[in-house]
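Take a look at the structure below.
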Amino acid sequence: MGQSLGEQLSYLHNPRPFKNPNYTKNINRRAKNVKNVLSQERERDRLEREKKRQEKLDGDAMDVDGEAPEEDLPSYTSIEAPPSLLPHKHYCDITGLEAPYTDPATGLRYHDKSVYDVIKSLSASSAKEYLATRGVSSIVK
């Protein structure tokens, strides 16, 4: 009983079956930074797109069962993604925060009750200016 409590609870000398005892580290493998990895991915994607375009131009891309050849799928790095299916967010014309409410009299969007009080105190001309800032040219009642 010459072992301390820490030595008794230690897992240091227990066998580790999840490690491969025959593993040797590859000395020639070099770690790449993120910039290199991303540039290589972009270059590979660009070459694949060029190859597909060239096949389309040469007429080598054959239609299978009368189907059109596959379009380029958007990837994380491509900007050719389809528009979002989610509804557009509306922002408060006064504060710039998200605006779940719209004033029916002026058409201004507002964030909460305190902003609504400010909108009620605005004149018709200043309400028109706020709407013009957003790019809406409606008639204020």
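The values are calculated or read from the model by the stated rules, or taken from the named source; none is laboratory data. These numbers were taken from a predicted model, which means no experiment stands behind them. Glycine gets a Cβ as well: all are built from the backbone with ideal geometry, and neighbour counts include every protein chain shown. Side chains included, ligands, DNA and RNA excluded: accessible areas come from the protein's heavy atoms. Shrake-Rupley method; radii C 1.70, N 1.55, O 1.52, S 1.80 Å.
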Whichever residue in the stretch 99-117 is outside any helix (DSSP H, G or I) and hydrophobic (A, V, I, L, M, F, W, C) and, among such residues, is most open to solvent (accessible area, probe 1.4 Å): ALA105
Cβ-Cβ under 7 Å pairs, at least 6 apart or on other chains, the stretch 120-139 side surrounded by 11 or more Cβ atoms within 10 Å (Cβ to Cβ), far side polar (S, T, N, Q): ALA127/THR106; LEU131/SER138
Residue satisfying condition, being surrounded by fewer than 10 Cβ atoms within 10 Å (Cβ to Cβ), among the small types (Gly, Ala, Ser) and either at pLDDT 80 or above or not in a loop (DSSP other than H, G, I, E, B) (or both), within set GLY6, GLY66, GLY2: GLY6
Some residue of the stretch 29-38 being at pLDDT 80 or above, among the hydrophobic types (A, V, I, L, M, F, W, C), part of a helix (DSSP H, G or I) and surrounded by 10 or more Cβ atoms within 10 Å (Cβ to Cβ): yes
Qualifying positions in the stretch 9-19 - open to solvent by 100 Å² or more (accessible area, probe 1.4 Å) and assigned to a loop (DSSP other than H, G, I, E, B): TYR11, LEU12, HIS13, PRO15, ARG16, PRO17, PHE18, LYS19
